[in-house]
Amino acid sequence: MAAPASRSALRALRSVPRPSQRAIRPIPRTCIPPRVRAFSVSVRHRDDASDLSEPGHDVRYTTDLYPELKRDSRFTELKQEHVDFFKKTLEDESAVIDGLSKDATDDLEPFNRDWMKKYRGHTKVVLKPKNVEEVSKVLKYCNDNMLAVVPQGGNSGLVGGSVPVFDEVVINLTRMNNIRSFDDVSGILVVDGGVIMENADNFLKEHGYVYPLDLGAKGSAQVGGNLAANAGGLRFLRYGSLHGNVLGIEAVLPDGTIMNDLSKLRKNNTGYDMKQLFIGGEGTIGIITGVSIQCPQRSKAVNVAYFGLESYEKVQKAFKEAKVQLGEILSAFELMDAESQKMVHSHTGNKRPIEGDHPFYCLIETSGSNGEHDNEKLETFLEHVMGEEIVADGVVAQDGTQMAELWRWREGITEAIGHHGGTYKYDLSIPIKDLYKVVEDTRERLESKQLIGEGKVAKAVIGFGHMGDGNVHLNIPVRQYDHEVEAAIEPWVYEWIQKKGGSISAEHGLGIAKAKYIGYQRDETMLKLMRQIKQLYDPKGIMMPYKYLEGVKEHTGAATS
């Protein structure tokens, strides 16, 4: 056992008093830039999604990236008569972006490409229905006329699922943005599928509740899209998955049938739980137009701490101690490696919360109802992990502004990486003991192939993610997307995950990026059952073609050198 922390070290921690009996050193005010102080928590906005209004004509078409993909000849090519029907049905002129009768390239571009500027489709029409009845009419028409469809929410996905491949009709839910009802006793919220997460959370805040999901892209991501991707996010440790929080959904099936299962009951044991197929279904069997979700009370007392550690072994020890000592108030435990924090520092220019360099950094959040009690527990925990030399250095935010700034060092990673060019992203579930090993092994692999470093295509290998649920985001920023780099990573990384008993997709879904690798995760029996479900709901196959279960080639685990 390590020697207890020295009295001088503990005095340093207590240098600025807090309301509670013991206090942890705050972030110096000089670390908080004036612009952050002015906007407080609003700095946590769309860190995982860039501005879709930016030009994207330099983005390669998905069909160029995947030349094996061929347009399905079963699908009808869009004609003017189809567009005329859509205009008549949706009535509002702004509800249809028509690129068939005129050049609307610039208007269509934000819906044709993903925010990473990696995937780009060829659609000539975008539809924006305002209610479930309009979605029903449009889908029925598409089904009757064999027009392929891509449902789209905030278009903040990371696997190319929310944009077309060829000329699929894009049905965007932006105009379906109504909060239908809220019960401030039960905490049950019912909203349209197109409601933006941040708007839902702001509404709930007025009533003392919180949306059970939090993402860096909360300023653009939509509730229906959250469900379709089964997004996990930063509150997963505390509130669990959407499979547990969602009580009911309203969805439109490919033939236009409206499935109304907007239950407001926490217990409803009557037959198959149909909503679960749509959560994580990525829009392949229907479009989610309404959601009923259980929302928890907003915590009155929140603390955020940020600290540096010298090894991944110590990260694991810190996480174990946090679970033991913080227990029910632990709401987030985020892992960030040194490279990720260097990139955030380089991108923002902000002073780092703690001095010196450390191989690993962690951010923890506690949420409870008794501030004095929670402060006491957090301080006891931090004194223990520093006394045992598990944590090398750390700070605790003293107010909401400092909390937002500490979160910026975690949520700003994706934005910072995105400014370096392209990025190969892998969203992986791995047993915690091996969580960072995949980052180390990937770095070693690229080094051995001389693909990373100064003047090379790949700039770095970065790892960050959610310790609480064993989810690591493996990112390889590159100067440009490169076949040699991609070939070195895929399918090797999926084979690595398969051997460790992990998952190739923790929370981002399959889309087109991972569709061809599903065989590493699911055996033939499971794939057969999934295809049968798809066939039952969407016998004509108009929903989300070329993705999910329709990959270019389903790999089954052949070894890669």
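Working only within segment 310-325, note down all residues that are more than 26 Å from the chain's Cα centre (by Cα) and hydrophobic (A, V, I, L, M, F, W, C).
Val324
Here's a check for you: in segment 117-140, which residue that is hydrophobic (A, V, I, L, M, F, W, C) and assigned to a helix (DSSP H, G or I) is surrounded by the most Cβ atoms within 10 Å (Cβ to Cβ)?
The extreme case among them is Leu139.
Taking segment 428-475, which residues are touching a Leu at 6+ places or on another chain (Cβ under 9 Å) and among the aliphatic types (A, V, I, L, M)?
Leu428, Leu435, Val438, Val439, Ile452, Val457, Ala458, Val461, Ile462, Met467, Val472, Leu474
If only one of Gly465, Gly470 is surrounded by fewer than 20 Cβ atoms within 10 Å (Cβ to Cβ), in contact with a strand residue (DSSP E or B) (Cβ under 7 Å, 6 or more places away or on another chain) and at positive phi, which one is it?
From the options Gly465, Gly470, the qualifying one is Gly470.
Out of everything in segment 479-525 that is of a type in the set (Gly, Ala, Ser), closer than 22 Å to Pro545 by Cβ and part of a loop (DSSP other than H, G, I, E, B), what residue ends up being farthest from the chain's Cα centre (by Cα)?
Ala513
Let me spell it out: the conditions are (1) over 24 Å from Leu69 (Cα atoms); (2) in a helix (DSSP H, G or I), and Asn143 meets all of them except one. Which number is the exception?
(1)
Look at segment 258-279 and say how many of its residues are hydrophobic (A, V, I, L, M, F, W, C), surrounded by 22 or more Cβ atoms within 10 Å (Cβ to Cβ) and out of contact with any helix residue (DSSP H, G or I) (no Cβ under 8 Å at 6 or more places or on another chain).
Final tally of qualifying residues: 0.
Which residues, counting only those in segment 72-110, are under 18 Å from Val135 (Cα atoms), outside any helix (DSSP H, G or I) and either free of Cβ contacts under 8 Å to residues at least 24 places away in the same chain or out of contact with any strand residue (DSSP E or B) (no Cβ under 8 Å at 6 or more places or on another chain) (or both)?
Glu91, Asp92 - these are the residues of segment 72-110 that are under 18 Å from Val135 (Cα atoms), outside any helix (DSSP H, G or I) and either free of Cβ contacts under 8 Å to residues at least 24 places away in the same chain or out of contact with any strand residue (DSSP E or B) (no Cβ under 8 Å at 6 or more places or on another chain) (or both).
Laboratory data are not the source of any read-out in this text; all were calculated from the coordinates shown. Remember, it's a predicted structure, so these values are computed and weren't measured experimentally. Reconstructed Cβ throughout: ideal geometry from the backbone, glycine too, with neighbour counts over all protein chains shown.
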